Amino acid sequence: ELVLKVRIQKPNLRENDFIEIELDRQELTYKELLRVSCHELGINPEHVQKIRKLPNTVLRKDKDVARLQDFQELELVLTVSDRSFLFRPAALSEQGGYNKKASELTY
């Protein structure tokens with residue numbers, strides 16, 4: 001597996017953490033990268049304008065994806081300015097590692 005760090009481009013937010021995704025090295029294609037990234041981030045692939053390898057390289061084709069190395073940082077640039085409606089409302093709670101009780105704890 002190839003492990004990559006992905007996030008959605010949000011230049012006006014202070015916190016914009018990456019998540020790690022895994023891609024099968026036998027299926028390193030642009031389409032598969034887009035599919036897995038969007039699934040993990042809970043967004044619609046139709047709203048992705050481009051995938052950027054940070055700091056400043058746009059991924060365009062399968063050969064670009066094949067050159068990626070473990071833990072490289074990628075950013076999905078969305079096509080619309082109001083990103084609030086792009087997300088599935090229960091994206092985090094659908095993921096296996098999400099702990100609802102832990103998210104409600106106060107210190």
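Structure summary
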read-out: Tally, over the range 1-18, of residues that are within 13 Å of Leu54 (Cβ to Cβ), assigned to a loop (DSSP other than H, G, I, E, B) and in contact with a strand residue (DSSP E or B) (Cβ under 6 Å, 6 or more places away or on another chain); value: 3
read-out: Filter result (modelled with pLDDT under 95 and not in a loop (DSSP other than H, G, I, E, B)) within the range 24-34; value: Arg25, Gln26, Glu27
read-out: Scope the range 35-45; condition under 14 Å from Leu68 (Cβ atoms) and touching a residue at least 24 places away in the same chain (Cβ under 8 Å); matching residues; value: Ser37
read-out: Some residue of the range 51-60 being under 21 Å from Val80 (Cβ atoms) and surrounded by 17 or more Cβ atoms within 10 Å (Cβ to Cβ); value: yes
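The rows are residues; the columns are (1) outside any loop (DSSP other than H, G, I, E, B); (2) at pLDDT 95 or above.
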| site | (1), (2) |
| --- | --- |
| Arg52 | yes, yes |
| Asp70 | no, yes |
| Ser81 | no, no |
| Ser84 | yes, no |
| Leu92 | yes, no |
| Thr106 | no, no |
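The values are calculated or read from the model by the stated rules, or taken from the named source; none is laboratory data. Here the structure is a predicted model, which means the values were calculated and not measured. Please note: Cβ atoms are built from the backbone with ideal geometry, for glycine as well, and neighbour counts cover all protein chains shown.
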